[in-house]
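The values are calculated or read from the model by the stated rules, or taken from the named source; none is laboratory data. These figures come from a predicted structure and were not determined experimentally. Using ideal geometry, Cβ is built from the backbone for each residue, glycine included, and neighbour counts are taken over all protein chains shown. SASA here: full protein model, heavy atoms, side chains in, ligands and nucleic acids out. Shrake-Rupley method; radii C 1.70, N 1.55, O 1.52, S 1.80 Å.
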Amino acid sequence: MNRLKDLLDDVAEQAKLYDPTDRALAVARRRRRVARVTPVALAAAVAIALAAVWLPLHRSAADGDAAATVSWLPDRITVPKKAPPLLPIDHGVAPGSVVYQTGDKAVLVTEDSRQYQLPREWTGYVRGVSPDGRWLAIETGEKVLLRDLSGTGQIEVAGGGAGVAKHGSWSPDGHWFALWTAKVASNTAESDADPRITTVDLYSRQQQVAPISGSVTLTGVLNSGDVALADRISPDQVTTSTPIRLSILDRQTRQVRDRYQIDPTPWLSTKERQARQPAGLPSVEALLADGRTLLIRPFVRLPVNRDSVGYVPDDALAINLDTGKLTRRYYLPDPRIAVSTRDMVADHNRTLKSMLPEGLLYVHNGRTSPPGGPIALELLDLSTGRLQVVSTASSAVADIVGLRGGTG
Amino acid sequence: VYLDVDDDEGLRDFVRARLAGLSRIAYLLTGDHHAAEDLVQGALVKVAARWARVSATDNPDAYVRRIIYHEHVSAWRRRHRQPLEQPTAQPPERPGRRDEAEDAIRRLLLQQALAKLTPRQRAVIVLRFFEDLSEAEAAAALGVSRGTVKSQTHHALGRLRALAPELADLINDLPEVLV
C-alpha cells in the first residue's frame, strides 16, 4: 500500500457504475447478423455501426454534459517581473477576465492575457467584471463606477452617498447592471431606510431608479432587465420551515409583480430537518444561472463554539422563475471549507466568486505564505457536479479581487 | 467469426461481479465518465464475442483486463480525441498542511497530470499502482515485455513528477523509487 495508490483510489471513487452489458450484447449480436447478411444489408449495417460509433463520440456536446472550461481565463495567473502598463485612457483593451491584487496594486488581466495596472485609487475597490468582460465595476465611497474596457468611457451610478450599503449584480448576458442601495437599519427588526434599485442599461447607458421595500434585497437581474428580490429574514427567526419569498421588480412599470413563496423543506435532507440546530434558510446570497433559473445559496448554522453559532453558505437551490418552484439542489463541494467567517477561519476556504454559464467559479484560498492567499480557481460544472481547477495563481498574487460575472 | 453470445446469463454474472472494478479502472484510464462507459462497452463487446472461449480459460479476469487496456490504447489512437477534462498548465502551489481541501487539490492535480500522460503511460500507472500488479502481470495485460513496462513506468512516474511536483512525495514513497 502506498500513498499514490490511496490517491488513485480517491480518483477512482469518482467513477460511476458503467453497465453497458445490454448494449454490448446487442452490438455483439448485431455484428453476428452483419456477418451473415447480404452485401447490401451489410452496407446498411455499416451505416448503423458508424452511427453507433459517431453518436457516443458526439454525445457529450449534444447533451451538454461535456466538461466545462473557461476559455477566457489564463491557465495561470502570474505577476510579471516588469510592472504592467497602466490601463490606457485613450483606447480600449480586450475584454477583462480577472483582477488580482499584488502588493498595493490592482491588476487587470484581459482575455488576450495582457495585464494592466489599474489606477492606485481603485485598489481595494474593484468589485467585478461584467459577464461579457466589457465593464469593470469599482465601488468608490459614494458611487459605483462602471468603466468601459472596450473604450475609454464610464458610467457613474449614484450610490446614495457615504455610509450607504450597496450590492450590485449583472444580468447573465451583460446587458444590465442593477445596484441595490439602502441606509441599513441598525437592527434586524427595523427596515432599511431609502432602499432603491438602480437599473443600468449597459447598451444605452440609461439608468432607472425604483424605490423598493426595506425588507427585501437584490438577488439578481434578469436578461430582460427585471430584477429578482428576496425577502430578508432575521437569522434568529429562521427555521427549517421558513419559506423563501421572492418577487420580481418589473423594469418598465417599476412595480413588483410575481410573488413566490417557496417551501424548501422537501429539499432538505432528513438530517437537516431533524437537526437540533436547523439549517437556516434566508436567501442571503443569490445568483442567476440563466434567464429563468435563479440559484440561491442559503446559509446553514454551524456551531462555532459552545456558546454561539456561525452562518456559512450552503448548497445552491435552483428556482424556476417561470413557475416559482424549486427544481434542484446542487450539492456544492466541501461546504465545510467554505467557512470564512472570522471565528471559523479554516486553513483552506473556497469562496464562490461568480456564476457563469459554464458553472460556478470559486477561488480556492489556502496558501501558506503569504497565509490565506489564492492557489487556484475552480469551476463546478453544474451539469456533472465535477469540480476542476481551471486556473492557478502564482504566490505573488495576494488576492483575486474581481472576476468576470462577479460583483462582490 | 466466433460469436458466442448465447450464454447471456454467464456473461452477465461475470460482468456483474466485476463491474465496479472495471468501472473504476476505466475511469482512471480515461478521466471522463462518457469515455469510461464507452471503454467498458467496447471491451465488453469483445468479451461477448468470445465469451465461450473466455469463460473456458483458467483466468478470464486476465483476459478481460488485457482487452480493456488494449481497448484503451487503441480507442485513443482511433479517436485522437482530446480528453474532455482540459488540464491546466501549472498546478497550484502545494499547501502546507494536509486536510480535506488539500486532498481535493491533490486529487485534481493527479487527474490533471494523468490526463497529460500517453495512454500507455497511464495504463502502466493504473496497472502497477492502482491494481498493484507486478511488472510481469502488467506486461501480460498490455501484451508487451517486462522491460517495456519497466521503462514505461519510469517515464510515466518521471512525467508525473514533472507535471505535478506537489505529488513528488507520493512518488518518492514508492518502493521502486524509479525516478
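Amide H neighbours of A:Gly220 under 5 Å, counting only residues 5+ apart in sequence or on other chains, H built in-plane at 1.01 Å?
Answer set, sorted by chain and number: A:Ala228.
Stretch A:Arg259-A:Asn320 to full length: gain in nm at 0.36 nm per residue minus the Cα-Cα span?
20.7 nm
Which FRET efficiency, nearest 0.05, do A:Asp173 and A:Ala83 yield, Cβ-Cβ r, R0 41 Å?
Plugging the Cβ-Cβ distance into 1/(1 + (r/R0)^6) gives 0.75.
Pull up the cross-link candidates among the lysines for A:Lys81, meaning alpha carbon to alpha carbon under 16 Å and not fewer than 8 places away within one chain.
Answer for A:Lys81, where 16 Å is the Cα cut-off: A:Lys105, listed by chain and number.
How many Cβ atoms of partner chains, on average, are near each residue of B:29-36 if near means within 10 Å of its Cβ? Intermediate results must be reported in sequence, preceding the final value.
Working: counts 0, 1, 3, 5, 9, 10, 3, 4.
Counting Cβ atoms of other protein chains within 10 Å of each residue's Cβ and averaging gives 4.
Just tell me which lysines come within less than 26 Å, Cα to Cα, of B:Lys116; anything on the same chain fewer than 8 places away is out.
Within reach: A:Lys5, A:Lys16, B:Lys150.
In the neighborhood of A:Pro84, defined by Cβ-to-Cβ distances under 9 Å, what is the net charge if each Lys or Arg adds +1 and each Asp or Glu adds -1? If you can, show how the numbers build up before the last one.
Working: positive: A:Lys82, A:Lys105, A:Arg114; negative: none.
Neighbourhood net charge equals +3.
Hey, rough spin-label estimate for A:Gln208 and A:Ala165, points 7 angstrom out along Cα→Cβ, what's it come to in nanometres?
2.5
For A:Asp148 and A:Thr351 in the same chain, what is the full-extension length gain: residue separation times 0.36 nm, less their Cα-Cα distance, in nm? Could the numbers behind the result be given before it?
Values: separation 203, 0.36 × 203 = 73.08 nm, distance 2.65 nm.
Using 0.36 nm per residue and subtracting the Cα-Cα distance, I get 70.4 nm.
Taking each residue of B:19-25 in turn, how many C-beta atoms of other protein chains fall within 10 Å of its C-beta, and what is the average?
Mean partner-chain Cβ count within 10 Å for B:19-25: 5.
Can you give the accessible area buried between chains B and A, summed over both chains, with a 1.4 Å probe, in Å² to the nearest 100? Intermediate values should be presented prior to the final figure.
Values: alone 10510 and 21810 Å², together 26530 Å².
That pair hides around 5800 Å² of surface in total.
When ranked by the protection proxy of mean other Cβ atoms within 10 Å per residue, highest first, what sequence do the peptides A:167-176, B:110-119 form?
A:167-176, B:110-119
Of the GluC sites (Glu not before Pro) in segment A:136-181, which ones lie in a loop per DSSP and count no more than 15 other C-beta atoms within 10 Å?
Sites meeting the loop and neighbour criteria: A:Glu142.
Suppose R0 equals 41 Å. What FRET efficiency, 1/(1 + (r/R0)^6) with r the Cβ-Cβ distance, do A:Lys183 and A:Arg292 give to the nearest 0.05? Present the calculation step by step, with values, prior to reporting the outcome.
Numbers: r = 33 Å, r/R0 = 0.80.
It comes to 0.80.
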